Each structure stands twice: as structure tokens, then as C-alpha cells.
Amino acid sequence: MSRITPGQPAMLGGTRTATVIEKPAVLAALVKRAKRPLLVVGHRALVVGSDREYVIDLLARWAQKDSVPVAATGDTGPALRARGVEPARCISAMNLGQRLADPQWAGIDRAGPHDVIFIAGLSYALEWTLLSGLRHGAASLVTVSLSPAYEPHASFSLPNLSWTDWRSLVTEAFALEEGGA
Amino acid sequence: MKGIDIRIGEIASPLGRVRDLRVGIGRIGSGTWEEPAGPTPYPSMTALRDWDRRLLGRYRPFYMPLCDLCCLCTYGKCDLSGGKRGACGITLAAQQSRVVLLAACIGAATHTSHARELVEYLVERNGRTFPLDPGGLQVDLHMPHVELVCGERPETLADLETILDYCNAQLIDLLAATHTGQEGDPIDFESKVLHAGMIDHVSMEVADVAQISAFDFPKADQGALLVPLGLGTVDTERPVILVIGHNVPPAAAILDYLADHGLEGTVEVTGICCTAIDMTRRSPSAKIIGPISWQLRYIRSGIPDLVVVDEQCVRTDLLDEAARLGIPVIATSEKNCLGLADRTDELSDALIEDLVSGRVPGVLILDPEKVGEVAVRVAVRRRPERAVPPVADVIALAAACGACGACKGACPSEKDLVGGMQAARSGDTSVLARMLRSCVGCGRCEDACPQGIEVHRLMVASCDECERFAIRTGRGPVQDIEIREIGGPIVLGEIPGVVAFVGCANYLEGGSEVAEMVTEFAKRRFVVCTSGCSAMAVAMHRDEEGLTPYERFSGRFEAGGVVNVGSCVANSHISGAAIKIASIFAKRSLSGNYAEVADYVYNRVGAVGVAWGAMSQKAAAIAAGFWRLGIPVVVGPHGAKYRRMLLGRSDVDEDWMVRDRRSGEEVYVGPVPEHLFIAAETKEEAMAIIAKLAMRPNDTSRGRSIKLSHYIDLYDRCYGRMPDDLHRFVRTKADLPLMQKEELLKVLEARGWVERAIPDPTLLPEEALR
Ligand code: SF4
Ligand code: SF4
Ligand code: SF4
């Protein structure tokens with residue numbers, strides 16, 4: 001069990017915490033192992049970043065490159081579309097969580113249940129609660145938090161990272177070429 | 001025990017002469033109400049279980065534990081994660097619902113206790129037989145919740161005691177159900193949550209009707225006055241009193257003392273939270289500073305000469321904060337004594353000298369009239385010192401910041417405080433000043449800082465905004481005539497919905513989002529209601545023409561109106577309006593007839609509650625009261641921390657079958673309303689959800705086409721495309737908005753849509769309907 005502090009230190013939740021993704025290779029391996037991945041992107045992916053580039057830009061490039069189906073929560077859909085990614089579904093985070101917890105659900109694109117979700121860009125507390133719901137309601141689903149703040153309720157989570165460190169880890173793990181897809 | 005009703009015309013006792021005494025146990029015994037008694041007067045906590053299970057069968061709980069552990073008894077702590085059970089056998093799902101029930105009980109107990117304190121005080125002040133009159137000639141149906149739940153029509157202040165006895169008893173039973181080894185089924189817990197919510201609305205109604213009647217607040221007044229709001233409204237040349245809380249008698253006594261002693265206009269009486277709203281219902285000379293998030297900010301401004309606190313949502317470190325600036329405090333509630341000595345029975349002169357001299361930081365006075373006198377006489381002596389660190393100090397103090405980020409990690413609003421502090425270090429305090437707009441004033445950043453930097457204080461000092469706004473003061477209930485005028489268009493769907501913006505100020509992105517949503521829905525000709533801290537947040541926002549929503553839109557309960565009903569307890573008038581539609585427009589009998597009326601509201605009244613900054617246990621109870629009536633509630637992103645949603649599955653057709661009363665057959669009506677409780681991530685998403693949740697099975701085609709046009713438009717604005725679920729909401733071609741008909745038909749055809757009938761919908765079996 002990791003002793004890492006959650007992105008908001010008070011947000012501890014129990015006896016199990018997410019395995020920390022310290023190295024890009026760990027994230028790359030999770031991507032490789034996923035048979036039916038789903039990328040969930042919330043609106044703060046448009047806020048976190050630098051002046052020129054935001055979390056959403058790198059996630060969109062990865063989704064495009066690896067053809068990962070995307071669920072856009074909040075009002076993220078148009079921003080993804082502007083980056084060349086048509087979301088499989090625009091859906092509220094809570095609605096999505098409830099469906100992911102249903103083993104009968106056919107998946108975001110009706111191509112079968114998902115085995116791994118990658119998630120980033122919800123407000124910290126919303127992502128935290130959603131991941132808690134999935135940990136208890138969807139025990140066989142692997143959840144990977146890509147937010148730059150450690151999310152203890154995920155199965156795997158990035159640690160608390162500066163934008164520059166986050167950017168370089170994700171770029172390497174997703175094998176993104178510098179300067180855009 | 002019911003039916004005991006003793007009436008005494010006049011009696012002399014050692015306590016004095018009592019006239020018109022009526023003692024009822026279990027019943028009030030009014031003789032003027034002719035409605036036949038319904039099936040569930042004074043329902044116990046299982047009497048409506050069948051109705052609850054029908055709702056909860058559609059809207060299944062999605063649990064998101066805030067903690068995997070339970071520590072409620074000494075068997076524990078128990079780890080309930082990964083399917084493990086507690087030592088008592090409880091599951092994690094049941095534990096979550098148990099905590100939700102505890103929260104709802106705390107909320108409902110708070111309103112019930114508040115109501116009881118008010119009623120006891122007013123009975124003593126105005127007499128037991130003082131008549132209830134919440135709406136003057138405009139309101140005949142005084143207390144829709146009490147009539148519906150209890151099957152009673154109270155007429156006097158004393159009649160309300162019986163209602164509160166019932167509420168007390170129910171809350172004790174509900175609390176007992178949370179003991180170790182009682183209820184263990186999550187849905188039974190959830191049903192009890194709904195019961196707590198129903199009780200909460202009864203108690204809120206009792207509290208507000210009592211205070212409207214006895215304090216002569218606006219009575220269902222469409223033209224309730226615009227009153228001042230904001231820091232800029234305070235004349236700091238005068239003595240300034242600050243009152244904080246929810247229970248208005250001490251604040252009312254301050255205003256009365258000023259009036260009785262010819263001092264009106266010489267002392268500024270300012271308020272935060274619901275007491276502030278209720279003060280302005282009593283006297284338009286009182287001033288509202290803002291919602292609960294303004295407590296630290298306003299005290300630290302050093303402006304108040306005295307702070308008077310009553311109950312609920314008062315910062316528990318308030319005495320320390322006030323003491324730092326030498327501001328004396330008067331506590332006035334048995335529920336919030338602040339550790340102060342009870343000096344109710346001492347002479348006012350002694351209390352005043354102790355407070356003015358600073359010999360004591362504060363006193364507890366459990367007598368509103370004495371509070372009125374002491375508060376004014378202390379305030380007029382003024383404090384010698386007022387303190388706000390100047391901007392130059394902000395820059396110097398920020399220099400100690402080591403950019404560790406601890407403040408940022410503690411900030412619920414996820415502000416980039418490190419960036420703000422670094423900018424301040426280099427002389428630019430504008431970043432901190434801007435952040436204050438969406439700061440909830442919790443102060444956690446300061447406790448987190450290892451350098452001891454008072455981050456919030458520096459933000460306050462950086463911001464010199466001192467604006468004046470206007471809010472329409474709480475008008476109280478909706479008039480019967482207003483219901484007669486628009487009950488029909490609401491039920492038929494021609495008015496696209498009633499949206500109520502209620503609850504606290506725990507916003508992620510600031511209160512201006514509430515104002516923007518209010519403006520959007522008022523422009524779309526929904527009926528918009530506001531209350532409590534949301535009502536204040538709405539007022540703190542101006543449009544391009546410099547008008548707040550209250551100045552821009554009418555205060556009538558009509559399409560395009562923005563109706564501030566009042567403080568938290570006035571929320572009962574919003575749910576009460578839905579009940580009134582069933583009674584006044586649809587002629588449904590109310591008396592003890594809860595399930596039938598809730599079924600009516602659920603299937604026909606397109607009302608939606610929005611608690612964008614919901615924080616408290618009271619907000620949890622208020623939401624639950626809406627849910628039991630079948631009214632959905634949308635919360636902001638922090639609302640997910642209520643730890644469970646009640647969500648429908650639009651993709652599961654079996655969930656959306658109703659009985660058609662005309663044919664007796666089970667028919668599909670689509671997912672309307674789709675959810676009972678859902679947290680939205682952004683205001684754009686919330687607005688699309690609100691428009692969708694306003695649809696009801698009973699909408700006529702004309703009504704549905706109006707509602708659909710709003711949904712399609714707001715969906716497009718949020719998601720940039722046509723709704724994925726459009727086909728589920730279109731029953732016939734006539735449901736389609738005329739302007740988009742051809743385009744929409746193509747979308748529907750591609751999705752294999754077929755026409756279906758519009759039923760006379762009910763969730764209840766025939767025998768349950770009268
Ligand atoms: S109430 Fe049950 S789960 Fe909670 S601590 Fe006691 S035994 Fe454990
Ligand atoms: S006081 Fe404001 S800035 Fe500080 S932690 Fe609270 S919300 Fe954030
Ligand atoms: S916690 Fe204190 S030292 Fe650390 S970044 Fe915030 S203000 Fe600076």
C-alpha cells in the first residue's frame with residue numbers, strides 16, 4: 001500500500017489505496033493490457049495545463065492515435081470534437097458511473113463491457129466520489145486516474161504532478177510524438 | 001392516539017387567565033375543514049413504504065462511499081470494502097444509506113427544533129389563539145404540507161404544537177432505525193430517508209407560516225420589496241450590528257428595539273444567511289451582506305461593532321475570529337452556546353459594560369427581547385479599532401510563501417492559490433482578488449499553510465470590491481390565484497417547468513453560476529423560484545444593463561417570474577406550490593392523501609429543484625422531501641459527496657412502464673423524469689439536465705414540444721449535437737417542435753422510432769386512488 005498523499009490530503013477513504021503509477025512504463029503496460037478501454041474526459045481537462053496546451057490536448061491525441069472510445073462528461077464534448085475526437089457519448093459522470101457498475105451494460109459504443117477506464121479532468125472531489133462508486137459497485141473494472149492529483153480510490157493513479165512532469169510522463173507512456181499527432 | 005380535543009372558553013389559573021384554550025392530543029380538531037380523511041393521516045415511517053419502493057425501483061441508489069469504514073459502535077471500526085460486512089452484518093451499501101438517513105435526520109431535526117423554538121416563542125409573544133395567516137386574502141390553503149401529511153388544517157399558533165409533536169416522534173423513530181442491528185436493507189433505509197424529507201417539509205412549513213403570521217412578513221406578496229444586499233450597502237459611519245443564522249427572533253427584537261426607541265436609521269443592522277433574509281421580511285431597513293460564505297470575510301473586514309448569532313450554519317470558530325478584532329459576540333440559541341456564560345437573568349447594564357469593556361468576549365442571552373436591547377446599546381458605543389491589512393502588507397506577507405501547495409490541496413474550490421500567492425509576492429494582488437469571487441470562505445487554506453500565512457485574509461485584503469445589489473425579499477407562499485392561473489399550463493406542459501434554485505453556497509465556480517442559470521430559465525419562461533443562500537447569490541450578479549435578476553424579472557409566480565420565497569424554511573412553499581396544483585387545479589383531496597398527491601405531482605408537475613451549492617444536512621433533508629413528492633433534484637459537483645445518487649436508467653425500457661388509468665394497461669412513457677437525484681459537473685451540463693428533468697408523462701403534445709425545444713437547444717449548447725436520447729422523449733409526431741420537425745424526424749427514423757400513445761399515467765394500483 002502506498003503512503004502517498006491524495007491530491008486533497010483530507011480525501012482518504014479506507015484501507016486500500018490506488019497503486020501509484022511512478023513510471024511511464026507502468027501506464028504504457030496498463031494501456032497495452034486493456035482489451036476494451038474507455039477514456040473519460042471531464043471539463044477541467046480544459047483548465048489544467050499551460051498557456052498553450054492543456055490536459056485535453058494530450059488525451060485527445062492519445063484517443064486519436066490508439067482509437068480509444070471517449071466518454072465526454074460535463075460540457076467537454078465540443079472541445080474534444082475541436083481536437084478531432086468525436087466522443088462515443090456525451091454523458092454525465094454520475095450516469096456513466098451507474099452504467100459502468102452494471103455488468104449487463106453494453107458499453108459506451110455498444111461493443112461490449114469495458115475492462116479498463118482511464119479518467120481525467122473531473123473536479124477532484126467528483127472524480128474521487130465516482131471512483132469510490134466504481135471501486136465498490138464495479139469490482140472487476142480496472143480504473144486508472146490520469147489526473148495530475150493522486151486519486152486514492154482508483155485501481156491505479158498518477159501521483160501529484162506538476163504540469164511539466166505530468167506532460168512528460170503521459171507523452172512517453174502514450175508514445176505521443178512531440179508537437180502534436 | 002388521536003381524537004382527544006378539549007376546548008375551554010375561559011379559565012383562571014395560578015398562571016393567569018387563559019382564553020380560548022384548546023388542547024388536542026394527536027388531532028387539532030378544527031371544525032371548518034370538510035375534506036374526507038385520506039388513507040394515511042399522520043403516517044408512520046412505514047405507512048408510505050409502498051410508494052417509496054415504487055420510486056426507488058425506478059431510481060436506484062448509486063453509492064459512492066466517502067469512507068469504507070464504519071465506526072458507529074465499539075465492535076468497529078469495521079472495514080466494509082470489497083464485499084466485507086461489519087461485525088453487525090451490515091454491507092457497505094446499507095451503511096451508506098444509513099449515513100444518508102442520519103444526515104436527513106439531522107437536517108429534519110434542525111428544522112423541527114427551529115420550528116418548535118419559534119412557535120414556543122411566538123405563542124408566548126402573541127398568544128395561543130393568534131391566527132395563522134401566511135397569505136392574507138390571497139391564500140386559503142394555508143399549509144399544504146400539513147394538510148397532506150397530517151390531514152389537519154391548523155388555524156392558530158397553538159395548533160402547530162400538535163404538528164410538531166408528530167414530527168418529533170417521527171424523527172425519534174427514524175433515528176432509532178439507524179442503531180446497530182436495526183435496519184440493514186439499503187432500500188428500507190432509503191424509504192426512511194424519504195420519510196425524514198417529508199417531515200422536514202412539514203416542519204419548514206410550520207416554521208415559516210408561524211413567523212409570517214406573527215412577525216407580519218410579506219404574505220404571498222408578488223410585489224415584495226427590493227431590499228439592499230452587499231457590503232457596499234453598509235454605512236460604516238454608523239454603528240454596525242451583524243446577525244448570523246436562521247432563527248429570526250433575536251434579530252427581529254433588535255429591529256423592534258430600534259423602532260421603539262426612535263433609533264431607526266442610526267444603527268446598521270446587517271445579516272448573513274437566512275436570518276438576514278428574514279430580517280428584511282420584517283423591516284426593509286435591514287441589510288443583507290451575503291450567504292454563509294461571507295462570514296469570515298465580513299468579520300475580518302472589521303466593520304461589525306457586534307456579532308449576534310442564533311442557530312445553524314454559523315462558523316464554530318466565530319468567537320475566536322471576532323475576539324481577534326475585539327468584536328463582542330452575543331449567542332442567543334440553546335443549540336449554539338459557544339461556550340459562553342448564560343447571563344440571561346442578569347441586568348442589561350452589567351452585560352453591556354462587560355461586552356463594551358472587553359472583559360468577556362461574549363455572552364449567552366436566551367431572551368430575544370433582552371438581546372435586542374443589549375445589542376443596540378453595545379453597538380452604539382462603537383469599537384475603537386477596525387482592521388483590514390492594507391494591500392502593501394499583503395505583498396509583504398506573501399513573501400513568506402514557499403510555494404509548497406498545501407493551501408491548494410486544502411481548497412475545496414480547487415483554486416490555484418500557489419499562483420495567486422506568487423503573483424502577490426511580485427506585487428500583483430489582482431489574482432488573489434479575483435479568486436475571492438469563487439472562494440467559499442472556509443479558511444482551510446490558512447490552517448494548511450506551514451508558514452502560518454493567512455491566505456484567505458490576504459485574498460480579502462486584496463479585493464476592494466464593495467458592491468451594492470438588490471434582492472427581492474422573501475415573499476412567502478404562492479397565491480391560490482396564481483396556482484389557478486398557471487396550474488393548468490404547468491400540468492399540460494405549456495409552461496416548460498418550475499425550477500427552484502435552493503440551498504447553500506458551496507460552489508465550485510462561484511455563485512454567479514446560479515444567477516446565470518436563473519436568468520437562462522427565466523428568459524425561457526420557466527417559473528423560477530429561489531430561496532436561502534441561493535436567493536442571495538442570485539442577487540450578486542448583474543446583467544449587461546446592470547440589473548440583478550430580481551430587478552429584471554417579475555416577482556410573480558408566472559412564466560418568466562423570479563420568485564424569492566424567503567429563507568431555508570420557505571422552501572416548503574415551493575414544494576407546497578406543487579401540492580397546491582394537485583389540490584386547487586386538479587381538485588385532488590389532500591387530507592392524509594400523500595401517495596395519490598405525490599403520484600399526481602410526479603406524473604404531471606414539471607418541477608425541478610437545483611441545489612447548486614448544497615452543503616448541509618438540512619439540504620439533504622430538503623432534497624429528500626422533494627424526492628418523496630417525485631420532484632427531482634440536481635446538485636453541483638460537490639453534491640456527489642452526499643455519497644449516493646438516485647438515478648434512472650433511460651436505456652432500460654421496463655423501468656418506464658406506467659399504468660394508463662384510461663385503459664388499465666401498462667404502457668411505456670419514456671424516462672420522464674429521468675433521475676431523482678444527480679450531481680452535474682458544470683452549469684452547462686446542469687442546464688441540459690434541468691430541461692430534460694422538467695418533462696413529465698402527462699405533458700400534452702404542445703407542452704412536450706415546448707419542453708423538447710428547450711432540451712434540444714440546451715443540449716446542443718452543452719454537447720454540440722442532437723440529444724442521444726431524443727427518441728425516448730417523443731411520443732407522437734405532434735411532440736416535435738414545429739421549426740425542427742423535418743430534421744428531427746430524420747433523426748428519429750434513423751433510430752427506429754415508432755409512435756406511441758400518451759396515457760393518463762399513474763404509478764399506483766387502482767385501489768390506491770380515491
Ligand atoms: S455498527 Fe456495525 S459496521 Fe459499524 S462499527 Fe458497529 S458492527 Fe461495525
Ligand atoms: S477560504 Fe477560499 S481559498 Fe481558502 S481554502 Fe477555502 S475556498 Fe479555498
Ligand atoms: S501553504 Fe502557505 S507556503 Fe504553501 S503555497 Fe500556500 S501560502 Fe505558500
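What do you reckon, is B:Gly107 among the small types (Gly, Ala, Ser) and either at pLDDT below 95 or more than 26 Å from the chain's Cα centre (by Cα) (or both)? When the stated conditions are applied, B:Gly107 does not pass them.
Inside the range B:180-238, residues that are aliphatic (A, V, I, L, M) and within 16 Å of ligand 1 (Cβ to nearest atom) make up a count of 0. Evaluation of B:Ile690 against the conditions (1) away from chain A (no Cβ under 14 Å); (2) touching a residue at least 60 places away in the same chain (Cβ under 8 Å) shows that the sole unmet condition is (1). Residue-level analysis places A:Leu30 outside the set of residues that are at pLDDT 95 or above, closer than 13 Å to A:Ser147 by Cβ and touching a strand residue (DSSP E or B) at 6+ places or on another chain (Cβ under 8 Å). Name the residues in the range B:365-404 that are at pLDDT below 95 and touching a His at 6+ places or on another chain (Cβ under 9 Å), would you? If the condition is that a residue be at pLDDT below 95 and touching a His at 6+ places or on another chain (Cβ under 9 Å), then no residue fits.
Yes/no matrix, rows are residues, columns are (1) at pLDDT 95 or above; (2) within 22 Å of B:Glu369 (Cα to Cα); (3) not in a strand (DSSP E or B); (4) not polar (S, T, N, Q):
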{"site": "B:Val227", "(1), (2), (3), (4)": "no, no, no, yes"}
{"site": "B:Leu242", "(1), (2), (3), (4)": "yes, yes, no, yes"}
{"site": "B:Ala253", "(1), (2), (3), (4)": "yes, yes, yes, yes"}
{"site": "B:Asp256", "(1), (2), (3), (4)": "yes, yes, yes, yes"}
{"site": "B:Ala259", "(1), (2), (3), (4)": "yes, yes, yes, yes"}
{"site": "B:Gly262", "(1), (2), (3), (4)": "yes, yes, yes, yes"}
{"site": "B:Gly265", "(1), (2), (3), (4)": "no, yes, yes, yes"}
{"site": "B:Trp294", "(1), (2), (3), (4)": "no, no, yes, yes"}
{"site": "B:Tyr298", "(1), (2), (3), (4)": "no, no, yes, yes"}
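Just one of the listed residues (B:Val597, B:Val563) is touching a Ser or Thr at 6+ places or on another chain (Cβ under 8 Å), of a type in the set (A, V, I, L, M, F, W, C), within 20 Å of B:Leu229 (Cα to Cα) and surrounded by 24 or more Cβ atoms within 10 Å (Cβ to Cβ), namely B:Val563. Restricting B:Val502, B:Val518, B:Val528, B:Val431 to those that are within 16 Å of ligand 3 (Cβ to nearest atom), touching a helix residue (DSSP H, G or I) at 6+ places or on another chain (Cβ under 7 Å) and not acidic (Asp, Glu) reduces the list to B:Val431. Residue-level check: of (1) in a loop (DSSP other than H, G, I, E, B); (2) under 20 Å from A:His153 (Cβ atoms); (3) in contact with a Ser or Thr (Cβ under 8 Å, 6 or more places away or on another chain); (4) not small (Gly, Ala, Ser), B:Cys88 misses just (2). Working only within the range A:109-136, note down all residues that are within 8 Å of another protein chain (Cβ to nearest Cβ) and assigned to a helix (DSSP H, G or I). Selection gives A:Tyr124, A:Ala125, A:Leu126, A:Thr129, A:Leu130, A:Ser132, A:Gly133, A:Arg135, A:His136. Of all residues in the range A:8-30, those that are more than 9 Å from every other protein chain (Cβ to nearest Cβ) have Cβ atoms under 8 Å from Cβ atoms of residues that are polar (S, T, N, Q) and part of a loop (DSSP other than H, G, I, E, B), 6 or more apart or on another chain, in A:Thr17/A:Ser2; A:Ala18/A:Ser2; A:Ala18/A:Ser155; A:Thr19/A:Ser2; A:Thr19/A:Ser155; A:Val20/A:Ser2.
The set of residues from the range B:400-428 being away from every other protein chain (no Cβ under 14 Å) and near ligand 3 (Cβ under 10 Å from one of its atoms) comprises B:Ala400, B:Cys401, B:Gly402, B:Gly420, B:Met421, B:Ala424, B:Arg425.
Helices (runs of 4 or more DSSP H) fully within the range B:417-500 that include at least 3 residues being within 10 Å of ligand 2 (Cβ to nearest atom): B:444-448, B:455-462. The requirement of being surrounded by fewer than 20 Cβ atoms within 10 Å (Cβ to Cβ), closer than 24 Å to B:Ala522 by Cα and not assigned by TED's automatic domain parsing to the domain that holds B:Thr280 is fulfilled somewhere in the range B:438-456, by at least one residue.
The values are calculated or read from the model by the stated rules, or taken from the named source; none is laboratory data. In this text the structure is predicted, and so the values were computed from the model without any measurement. For neighbour counting, all protein chains shown are included, and Cβ atoms are generated from backbone atoms with ideal geometry for every residue, glycine included.
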